[in-house]
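Following: one structure in structure tokens, then a few remarks.
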Amino acid sequence: MKFNVPDMSCGHCVAAIEKAVAAADPQARVTIDLGHHTVEIASALPQENLIRTLADAGYPATPVS
């Protein structure tokens, strides 16, 4: 699942997102493209859960189709 995360702008943001996703799903694989403000997550969790996880970490996200 790929998400647009416009508020992500630095290494601290990347670390916070990785930590939040790992807390929700330790088996998840996270790929972040800081330049394009996108986060790709391979997880068994539903998309809605991942969107909520990112928002709770302070990074509102929208799905990229």
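A short reminder: the numbers here are calculations on the coordinates, not readings from a lab. The structure presented is a predicted model; accordingly, all values stated were derived computationally and were not measured. Don't worry about glycine lacking a Cβ; one is built from the backbone with ideal geometry, like all the others, and counts go over all protein chains shown.
Observations, loosely collected:
- Normalised by the number of residues in the chain, the average gap of Cα pairs under 8 Å and 6 or more apart makes the relative contact order 49 percent.
- Simple point charges give the picture: +1 on the Cβ of Lys and Arg, -1 on the Cβ of Asp and Glu, and for the chain a dipole about the Cα centre of about 60 debye.
- Within-14-Å neighbourhood charge of His36 [Cβ basis; K, R +1; D, E -1]: -2
- The average projected area of the chain, computed from the convex hull of its Cα atoms over all directions, is 3.6 nm².
- Take the Cα of Ala23, step 7 Å toward its Cβ, do the same at Gln47, and the gap between the two points is 2.5 nm.
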